[in-house]
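A quick write-up on the structure given underneath.
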Amino acid sequence: MAEETIFSKIIRQEIATPLLYQDELVSAFRDIYPKAPCHILIVPNKLIPTINDVKEEDELTLGRMITVAKKLAAAEGIAEDGYRLIFNCNNDGGQEVYHIHMHLVGGHALGPMLSK
Ligand code: DGP
């Protein structure tokens, strides 16, 4: 059994992080350490520790994460200028919270995709 993270508590609203979106599959809330003017995390309600743990049965949830990202980008007013969607996986990918999440970042030009 994978261990729950702080994200499960946010999803269940056991801690007071405002939700920007929630449905039966996914939730979204602002990143606590924003790396850009807009930095939102879109997470499956179900605990999936890493992208390596994704199963075919999760495809609907993963697709929903993208359609929710699209809607939130429009709501944030950054859709036309553009934004970036990021999944980090495990140590080399820089993953810190082991409950998969898609970062929606934008609000200014983000520059090169990777930097060290
Ligand atoms: P990653 O490195 O991809 O695992 O990103 C984890 C992100 O989660 C990081 O940008 C900071 C954010 N984060 C960690 N703890 C919390 C929290 O308690 N609340 C919120 N809103 N964001 C958090």
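Read-outs throughout are calculated quantities, based only on the coordinates presented, and are distinct from any laboratory measurement. These figures come from a predicted structure and were not determined experimentally. Neighbour counts run over all protein chains shown; Cβ positions are idealised from the backbone, glycine included.
In region 47-94, which trypsin sites (Lys or Arg not before Pro) fall in coil by DSSP and have 16 or fewer other Cβ atoms within 10 Å?
Qualifying residues, ordered by number: LYS55.
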Value of D in µm² per second that Stokes-Einstein yields for region 1-67, Kirkwood Rh from Cα pairs, at 25 °C (0.890 mPa s):
193
Kirkwood-based Rg to Rh ratio, region 56-116, C-alpha trace:
1.00
For region 5-70, run through the GluC sites (Glu not before Pro) and keep only the ones in DSSP coil with at most 16 other Cβ atoms within 10 Å of their Cβ.
GLU14, GLU24
Between SER115 and ALA16, what is 0.36 nm times their sequence separation minus the Cα-Cα distance? Round to one decimal in nm.
32.3 nm
GluC sites (Glu not before Pro) in region 65-116 lying in a DSSP loop, each with at most 11 other Cβ atoms within 10 Å of its Cβ, come to GLU80, GLU96
Could you state the angle between the C-alpha long axis of helix 59-75 and the longest principal axis of the C-alpha atoms of the chain, as a value from 0 to 90 degrees rounded to the nearest 10?
30
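Counting pairs of Cα atoms in the chain, how many percent are more than 17 Å apart?
Numbers: 3635 of 6670 pairs.
Above the 17 Å cut-off, the chain has 54 percent of its Cα pairs.
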Could you work out the local net charge near THR50, counting Lys and Arg as +1, Asp and Glu as -1, over the other residues with Cβ closer than 13 Å to its Cβ?
-4
Could you please report the charge total around CYS89, scoring K, R as +1 and D, E as -1 over all other residues with beta-carbon less than 12 angstrom from its beta-carbon?
-3
